[in-house]
Amino acid sequence: MLLLLETPAGYGLFSLKNNKLLKAESDSIYDNFKTSADAQRQVSLTAFQKFADTKAAMEACTELTEGTVGKSLKKFLKKNIVDAGLSDSLAVLDKTLGGNINKKLGIEVSVLSENLKEIMRGIRMHLTDLVEGLDETEVRQMALGLAHTLSRFKLKFSPDKVDTMIIQAVGLLDDLDKELNNFAMRLREWYGWHFPEMGKIVTENLAYAKVVKLMGYKTKAKDTEFSTVGVPEEIALEVRSAAETSMGTEITDEDLANILTLSDRVIELTEYRASLSEYLKLRMNAIAPNLTYMVGELVGARLISQAGSLMSLAKHPSSTVQILGAEKALFRALKTKKQTPKYGLIYHASLVGQSAPALKGKISRVLAAKLSLCCRVDALGDQVEPTLGKEFKEYVENRLSSLEEGGMKSATKGISRPSAGKFEKKPAVKGSATKYNAEDDVVEEPATKKKKKVVEEEADEEEAPKKKKKVAA
């Protein structure tokens, strides 16, 4: 029996001397590979092919992980088994790879068992002793270099192309929005006991927190300069006048200290949210410029987060991109046998939002088709500028305008228009001026009236002979 062993240094083909190991217990096989001398008595090296460089090793490793027979492996097996005329069966660790070897080269592949795994483990343990010219430190360096190269290849290592940062950033942004809303409402309710009228005057949450921090007690409203926190003068005048006639209760210094702490937290979170939003915008422009140009950084980041990664989003068809984010509604519609949703997260895109309600489904379909192409270019291409995104956005805008114009045309389809042709006078006939033509003054009756008249005439004709019969009697 022949054994194929894949190592970081190259391909190794070994022949099994002691066939009794195949029938022995798997636990006892280790005793036959305790030393290098024991290993040489059990197996012998038939052929060994060393990799030329790390690139060749990485290509071979990638092919082996996918279970395909590459050019180097095919050449190696053909030279040492098929051309050599060996009829022994070949043992391979990977079942898929064994099947492909059998299909392409016609080599008989033996079924993998626990005993074969233990034998392979013993060969790997004494590899440097079984293969001449291999050093243990050299093999370790080859393994380390191959591991780094393969990891870099699989991850496509690039700090600018790591979409995990986008997924985490957009998730944190949504969490911040919820927390900010809760904190701002709590601050309004808490400070509202002291100065309830200010809640309707200062509507923005950040401005409200800054005013609370600057002013403190409502009695200090007259002496407070609200322009330092960016509050307009007319709003400042309203706050001062409302503070004089406020119906709020008095609070202690301890209460105010806790309220000010909360207002500080609201201000900090709002400022951090702004910086996080800017970071997300820069990241999206670096990783997915075409997607960002089409739907904006927030919608694009949510699509990537929903799909799991930019590569996963690129693999989705346009129909899936269209309803991404509306999975619950989709399965509910399938379960109840009702209409499926027409859009998911892309509903928040400006192109869908500015369209008429009747056209939102059509525009979301068109937009999803172009978005799927943009995602593939962003995931697999090296473009920095959104050239494709600009072209596709212009196409979607033109499509939207044409659909709106088509809707206007269909709305005015039934309205009759006056004929714009020139009036032509009929030629006069000799003697027509002196004679009266009665047919010209006949008014045509509607079809329904004609039918009624015909029915009435037929009824009168039927009644007439009946009356004559009565008279004869």
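The values are calculated or read from the model by the stated rules, or taken from the named source; none is laboratory data. Given the structure is predicted, the values throughout are model-derived calculations rather than measurements. Reconstructed Cβ throughout: ideal geometry from the backbone, glycine too, with neighbour counts over all protein chains shown. Just the protein is used for accessible areas: all its heavy atoms, side chains included, with ligands, DNA and RNA removed. Shrake-Rupley method; radii C 1.70, N 1.55, O 1.52, S 1.80 Å.
Given the conditions (1) farther than 18 Å from Ala207 by Cα; (2) assigned to a helix (DSSP H, G or I), report the number of the one that Gly248 does not fulfil.
(2)
Counting only residues that are open to solvent by 90 Å² or more (accessible area, probe 1.4 Å) and either small (Gly, Ala, Ser) or assigned to a helix (DSSP H, G or I) (or both), how many does region 377-395 have?
Counting residues in region 377-395 that are open to solvent by 90 Å² or more (accessible area, probe 1.4 Å) and either small (Gly, Ala, Ser) or assigned to a helix (DSSP H, G or I) (or both) gives 5.
Anything in region 91-140 that is free of Cβ contacts under 8 Å to residues at least 60 places away in the same chain and part of a strand (DSSP E or B)? List them, or say none.
Passing the criteria: only Val109.
How about region 312-332: which of its residues are more than 13 Å from the chain's Cα centre (by Cα) and farther than 29 Å from Glu404 by Cα?
Lys328, Phe331, Arg332
Based on what the data block shows, is Ala184 under 26 Å from Glu297 (Cα atoms), open to solvent by less than 60 Å² (accessible area, probe 1.4 Å) and either free of Cβ contacts under 8 Å to residues at least 24 places away in the same chain or assigned to a helix (DSSP H, G or I) (or both)?
Working: under 26 Å from Glu297 (Cα atoms): yes; open to solvent by less than 60 Å² (accessible area, probe 1.4 Å): yes; either free of Cβ contacts under 8 Å to residues at least 24 places away in the same chain or assigned to a helix (DSSP H, G or I) (or both): yes.
When the stated conditions are applied, Ala184 passes them.
Just one of the numbered conditions (1) of a type in the set (D, E, K, R); (2) buried (at least 17 other Cβ atoms within 10 Å of the Cβ); (3) not assigned by the TED database to the domain that holds Glu271 is not true of Glu136; which one?
It fails just one condition, (2).
So which helices (runs of 4 or more DSSP H) are wholly in region 16-84 and hold at least 2 residues that are surrounded by 13 or more Cβ atoms within 10 Å (Cβ to Cβ) and among the acidic types (Asp, Glu)? Steps first, answer last, please.
Values: elements: 36-42, 54-66, 71-77.
In region 16-84, 54-66 are the helices (runs of 4 or more DSSP H) which contain 2 or more residues that are surrounded by 13 or more Cβ atoms within 10 Å (Cβ to Cβ) and among the acidic types (Asp, Glu).
Which of (1) in contact with a Leu (Cβ under 8 Å, 6 or more places away or on another chain); (2) surrounded by fewer than 14 Cβ atoms within 10 Å (Cβ to Cβ) is the odd one out, the single condition Arg121 does not satisfy?
Arg121 satisfies all of (1) in contact with a Leu (Cβ under 8 Å, 6 or more places away or on another chain); (2) surrounded by fewer than 14 Cβ atoms within 10 Å (Cβ to Cβ) except (1).
Step by step: first the residues of region 255-283, then only those that are among the polar types (S, T, N, Q) and open to solvent by 70 Å² or more (accessible area, probe 1.4 Å), then the one that is farthest from Ala379 (Cα to Cα). Which residue is that? Give the steps one after another, and end with the answer.
The first filter runs over region 255-283 and keeps only residues among the polar types (S, T, N, Q), leaving 258, 261, 263, 270, 275, 277.
Okay, now just the ones that are also open to solvent by 70 Å² or more (accessible area, probe 1.4 Å), so 258, 261.
On the way: Asn258: 49, Thr261: 45 Å.
The qualifying residue farthest from Ala379 (Cα to Cα) is Asn258.
Hand me the list of helices (runs of 4 or more DSSP H) wholly inside region 284-351 holding 1 or more residues that are modelled with pLDDT of 90 or more and surrounded by 18 or more Cβ atoms within 10 Å (Cβ to Cβ). Reasoning before the result, please.
Details: elements: 289-295, 297-307, 310-315, 318-322, 327-336.
Result: 289-295, 297-307, 310-315, 318-322.
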